[in-house]
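Report on one structure; see the data block that follows.
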Amino acid sequence: MFKKLSAEFFGTFWLVFGGCGSAVLAAAYPDLGIGFVGVSLAFGLTVLTMAYAVGGISGGHFNPAVSVGLTVAGRFPAASLVPYIIAQVVGAVVAAFVLYLIASGKADFQLGGFASNGYGEHSPGGYSLTSALVAEVVLTGFFIFIILGATGSRVPAGFAPIAIGLALTLIHLISIPVTNTSVNPARSTGVAVVAGGWALGQLWLFWVAPIVGAVLGAVAWKLVDDSEEAAAAKVTGAPRSA
């Protein structure tokens, strides 16, 4: 368990440091900024690279919502859920402080939102609480749905991190203007702890919405997943029902 929790710590650290770091350090850099597309790719690449690096050790969750979704889907033991979430949040907070240490070394550094997630006046595009809630629930739900499908037994082994990383990239391309994209309570918590103020005040949404979305995504996957039926048919020789 220690090695699994360590893997989750480092994986979540990399996600926050790489993804939020791209937003804080490189997104609006004069003339050469990477913009929304670059930040979206950065988040996707953090998950893709760490899923290959430590996914075989811990499962590569790096996200409390993913752990909840996998638990609801029966893919992850409930007894390990809280320790995983703690490791993920600690990794995110440590990464945010390391990022702050680097960013604050610039002479004209201003903390600002520090890549925090927000709604209303703190949404990059000025989107409402309702818009933020719906976006985070729907996008997290589909993220879990894709993870469960990509890691299924009937999918070629070794390709899941690519699908999952690209899914997270797409999610950011859609929702950075709405909430700055969370779909990950740990990611939201790490930078909110550093930013303080309004970021902490709005943090509740970025726990509630992703977890609700994760549960819905897991339930939706269970409605379409026929892996158990296929396995039974293979054993008995009986045809699967339509």
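With viscosity 1.002 mPa s and temperature 20 °C, the Kirkwood radius over alpha carbon pairs of segment 8-108 converts through Stokes-Einstein to a diffusion coefficient of 149 µm²/s.
Rounded to the nearest 0.05, what FRET efficiency do I102 and V208 have when you use their Cβ-Cβ distance and R0 = 35 Å? All intermediate terms of the calculation are to be shown ahead of the outcome.
Numbers: r = 31 Å, r/R0 = 0.88.
Result of the calculation: an efficiency of 0.70.
Order the peptides 149-155, 55-61, 88-94 from the highest to the lowest mean number of other Cβ atoms within 10 Å of their residues.
Details: 149-155: 13.9, 55-61: 20.9, 88-94: 23.6.
Per-residue Cβ counts within 10 Å, averaged per peptide and sorted highest first, yield 88-94, 55-61, 149-155.
Protein-only accessible surface at a 1.4 angstrom probe places the residues M50, M1 in the order M1, M50, largest first.
Averaged over residues, the count of other Cβ atoms within 10 Å places the peptides 101-112, 3-14 in the sequence 3-14, 101-112, highest first. Any chance you could check the Cα centroid distance between segment 164-211 and segment 81-115 for me, in angstrom? Between the Cα centre of segment 164-211 and that of segment 81-115, the gap is 13 Å. The translational diffusion coefficient of the chain, from Stokes-Einstein at 20 °C and 1.002 mPa s with a Kirkwood hydrodynamic radius over alpha carbon pairs, comes to 118 µm²/s. Structural size metrics of segment 55-136, computed from C-alpha coordinates, are Rg and Dmax of 16.8, 50 Å.
Kirkwood radius for segment 99-211, taken over all pairs of different Cα atoms as the inverse mean of 1/r, rounds to 15.0 Å.
Going by accessible surface with a 1.4 Å probe and the largest first, R187, R75 read R75, R187.
The values are calculated or read from the model by the stated rules, or taken from the named source; none is laboratory data. For clarity, every value in this text was computed on a predicted model and none was experimentally measured. Quick reminder, even Gly has a Cβ in these numbers, built from the backbone with ideal geometry, and neighbours come from all protein chains shown. Remember, those area values only see protein heavy atoms, side chains included, never the ligands or the DNA or RNA. Shrake-Rupley method; radii C 1.70, N 1.55, O 1.52, S 1.80 Å.
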